[in-house]
Amino acid sequence: MKKIFRNSADYYKESFRYLRNARENLKKAKISNDRYQDLKPVQEACGIAYLAVLKAIDGYLIQRGLDFDKLPTSTEGYWKNLKKILVHNGKITDAFSIVYENLHIFGYYRGASSVKTVKEGFEKAKMIVDTLSKNKM
């Protein structure tokens, strides 16, 4: 069950907390030849960073008027809402594609060891959280 916060600002605050935690976990993984040598902290960090993005999207959806009880519960639900609400912002939807692929699929599920892949996912995650929380849309 999703933890429900009082307002969109609470979701944004939580998403920043998740991103900080993800970065801390990622620092635990040693790097050699542009590859992470210990995948457990990498997988944990990727999962947490992906959740940070989902929290930021939840905050944005609530800010745009979506009821708390109608927040997405699946990746498909997030895609549907992003396409509906951010129809004219290809940067966010493209960044979400990279976050989904690099962090959620490759990083978390498949245990990606490529530093470049994981870092690109983290950069896009931060961009999404920063942009949505600043309400530049």
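Rule-based calculations on the coordinates, nothing more; no lab input. Everything quoted here is computed from the prediction, not taken from an experiment. We place every Cβ from the backbone using ideal geometry, glycine too, and count neighbours over all the protein chains shown.
Numerical summary
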item	result
Subset tally (residues that are in contact with an Asp or Glu (Cβ under 6 Å, 6 or more places away or on another chain) and not in a helix (DSSP H, G or I)) for the range 44-82	1
Residue match in the range 120-134 (condition: surrounded by 14 or more Cβ atoms within 10 Å (Cβ to Cβ), among the small types (Gly, Ala, Ser) and closer than 24 Å to Lys30 by Cβ)	yes
The range 12-36, subset in contact (Cβ under 8 Å) with a residue 24 or more places away in the chain and outside any helix (DSSP H, G or I), residue farthest from Asn102 (Cα to Cα)	Ile31
Hits in the range 46-63 - residues which are more than 11 Å from the chain's Cα centre (by Cα) and in contact (Cβ under 8 Å) with a residue 60 or more places away in the chain	Gly59, Tyr60, Gln63
Residue pairs meeting the criteria (Cβ under 6 Å; at least 6 apart or on separate chains; first within 18 Å of Asn7 (Cβ to Cβ), in the range 64-88; second exposed (fewer than 15 other Cβ atoms within 10 Å of the Cβ))	Phe68/Ile4; Ile85/Arg64
Subset tally (residues that are of a type in the set (Asp, Glu) and either touching a residue at least 24 places away in the same chain (Cβ under 8 Å) or assigned to a loop (DSSP other than H, G, I, E, B) (or both)) for the range 110-130	0
Residue ID - surrounded by the fewest Cβ atoms within 10 Å (Cβ to Cβ), chosen from residues in the range 71-104 that are more than 16 Å from Met127 (Cα to Cα) and of a type in the set (S, T, N, Q)	Ser74
